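Accompanying notes for the structure given below.
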Amino acid sequence: MAQITLAQAAEWCGGTIDPKYADICFLGANNDSRNIQPGQLFVALNGARDGHDFIPMAIEKGAAAVLCTRSVGDYPSIVVEDTRLALGQIAREERNRLGMKVVGVTGSVGKSTTKEMIVSVLETKYRVAKTPANHNNDIGMPMAILSIPEDTEVAVLEMGMNHFREIAYLSSIGQPDVAVIINIGTMHIEHLGSKEGILQAKLEILEGLRPDGKLLLNGDDEMLWPVRNRLKVPALYFGAQNPEAAVIAEDINVADCGVSFVAQTEQGAIPVNLSLEGQHYVLDALAAVSAGLQFGVSPSDITAALSNFRNMAGRQEIFETNGYTVIKDCYNAGPESMAAALAVLGKKPGRRIAVLGDMLELGKRAAAEHYRIGRIAVEHADIILAYGPHSDRVVDGAITGGMDTVHARAFDDREKLVDALKAIAKPQDVLLFKGSHGMHMELALDLFLQTQA
């Protein structure tokens with residue numbers, strides 16, 4: 001990452017500084033005083049807690065300077081009206097100064113996996129940086145940009161949202177050269193009203209697209225394919241079912257050890273072998289193939305990169321422990337990803353137990369979607385343990401689908417859920433843990449495993 005002086009950052013964001021601190025430099029930014037690293041810029045945000053209260057701690061732990069709305073002492077600082085917007089302005093200028101190419105990735109389901117696949121492909125030819133973990137919002141993505149190494153050639157930036165204009169804001173900062181929309185689902189429908197609203201919000205990524213930028217879209221998506229005639233930017237489509245797509249998956253084979261297919265492209269056939277279970281990963285991989293071709297990555301390098309790809313922690317980690325097969329998929333959940341995870345469970349031999357946390361931010365559709373997931377779960381699981389305020393709707397759906405109340409149960413307490421699982425589970429069972437991030441199903445899994453040690 002590059003050193004930025006306070007004078008330079010203040011000019012970029014319209015802030016004021018004490019002249020005696022003008023030449024102070026910072027490396028990266030952080031809004032959490034608990035884990036700030038020496039030399040970083042501490043960003044004092046006004047949220048549930050006032051970040052200004054933590055400035056002394058940040059300085060004590062080695063922060064080089066502070067981005068704030070008011071000074072609370074004599075230390076290097078940039079004073080601005082809005083620290084969130086100032087952070088974005090600094091990141092936007094740093095993105096332009098670095099001059100690397102940018103791939104922006106968004107979608108309702110699978111955008112993090114798609115981002116990681118694209119990184120894997122591009123790393124075969126370029127020095128690549130990326131947004132880490134969940135740094136895909138208006139705070140995390142700008143901080144990620146300020147941590148990008150000086151010699152980066154391509155940055156892959158994940159862009160998330162749950163309200164209108166958030167993707168537009170992120171895109172204005174990242175200014176992608178290639179924009180990828182993997183799908184339009186129902187996550188965040190609580191705030192966006194409908195799938196058409198979600199589509200509108202995702203298409204905001206075009207607002208920051210560079211004038212000669214490329215747009216890569218999922219041609220199998222019922223919302224994305226029809227927009228091709230109303231876009232001002234030509235779109236290149238990928239798909240497994242749409243014969244008009246430019247990059248098409250053929251000969252798809254889904255097995256216990258992974259998924260394989262052949263991507264038919266203008267550059268010829270590209271074999272893809274993924275060590276990931278579930279057909280839903282085909283479209284993620286097609287997006288990575290499409291992005292790789294846009295950047296001139298050879299077909300053989302694309303094949304090698306995807307063959308070696310391993311997913312991020314918390315996303316479909318499948319492992320054996322104490323005689324159990326565990327599918328840990330706790331990072332997040334919506335109706336589409338929940339159904340995909342259940343389909344993976346359903347292909348496993350043995351007794352299958354689905355431990356399902358609520359899907360959040362579904363608004364008025366929450367009851368109906370949880371009921372529908374209960375109906376789907378019956379097709380893939382022998383036992384369903386649901387957790388959260390909508391767990392009873394999952395059970396209702398399961399019972400309607402033919403499961404009895406002994407095998408489908410609802411819980412509003414995590415420890416009681418785990419106690420029930422402990423009483424039911426036996427070696428050779430397959431256990432799926434899945435739920436929205438806010439349900440913290442990884443804690444239920446950890447609690448269960450602790451009792452098995």
Exercise for the section: Show which lysines lie in cross-link reach of residue 328 when reach means a straight Cα distance below 27 angstrom and same-chain residues fewer than eight apart are skipped. Expected result: 111, 115, 130, 347, 348, 416, 422, 426, 434
Exercise for the section: Could you tell me the accessible area of residue 337 in Å² (1.4 Å probe, neighbours in place), rounded to the nearest ten? Expected result: 20 Å²
Exercise for the section: Whole number in Å², please: accessible area per residue of the stretch 128-220, 1.4 Å probe, ligands, DNA and RNA not counted. Expected result: 31 Å²
Exercise for the section: Report the one residue of 25, 69, 104 whose Cα lies farthest in the direction of the positive end of the charge dipole of the chain (charges on C-beta: Lys and Arg +1, Asp and Glu -1; origin at the Cα centre). Expected result: 104
Exercise for the section: With label points built 7 Å along Cα→Cβ from the Cα atoms of residue 300 and residue 251, find their separation and express it in nm. Expected result: 1.8 nm
Completion exercise
Rounded to the nearest 10 Å², the accessible area of residue 319 using a 1.4 Å probe with every protein chain kept is 60 Å²
Fill in the blank from the handout: Whole-Hz Karplus couplings 3J(HN,Hα) for the stretch 58-66, θ = phi - 60° and coefficients 6.51, -1.76, 1.60, Gly and Pro as x, run 4, 5, 4, 8, x, 4, 6, 6, 10
Practice task
Quick one: dipole size for the stretch 381-426, taken about the Cα centre, charges +1 on Lys/Arg Cβ and -1 on Asp/Glu Cβ, in debye to the nearest 20.
Solution key: 140 debye
Fill in the blank from the handout: Most packed first (mean Cβ within 10 Å per residue), the peptides 154-164, 239-249 order as 154-164, 239-249
Completion exercise
Computed on Cα atoms, the radius of gyration and Dmax of the chain in angstrom are 23.3, 74
Problem - Ranked order, 210, 127, 315 - accessible area, probe 1.4 Å, largest first - result: 127, 210, 315
Problem - Sparse-neighbour loop sites [trypsin sites (Lys or Arg not before Pro); the stretch 188-241; at most 15 other C-beta within 10 Å; DSSP] - result: 230, 232
Problem - Exposure of residue 330 as accessible area (Å², to 10), given a probe of 1.4 Å and all protein chains - result: 10 Å²
Completion exercise
1/(1 + (r/R0)^6) with r = Cβ-Cβ of residue 125 and residue 413, R0 = 51 Å, i.e. FRET efficiency to nearest 0.05, evaluates to 0.50
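The values are calculated or read from the model by the stated rules, or taken from the named source; none is laboratory data. None of these values were measured; they are calculated from a predicted model. All Cβ positions, even for glycine, are placed from backbone atoms using ideal geometry, and neighbour counts span all protein chains on display. Ligands, DNA and RNA are excluded from the accessible area calculation, which covers all protein heavy atoms including side chains. Shrake-Rupley method; radii C 1.70, N 1.55, O 1.52, S 1.80 Å.
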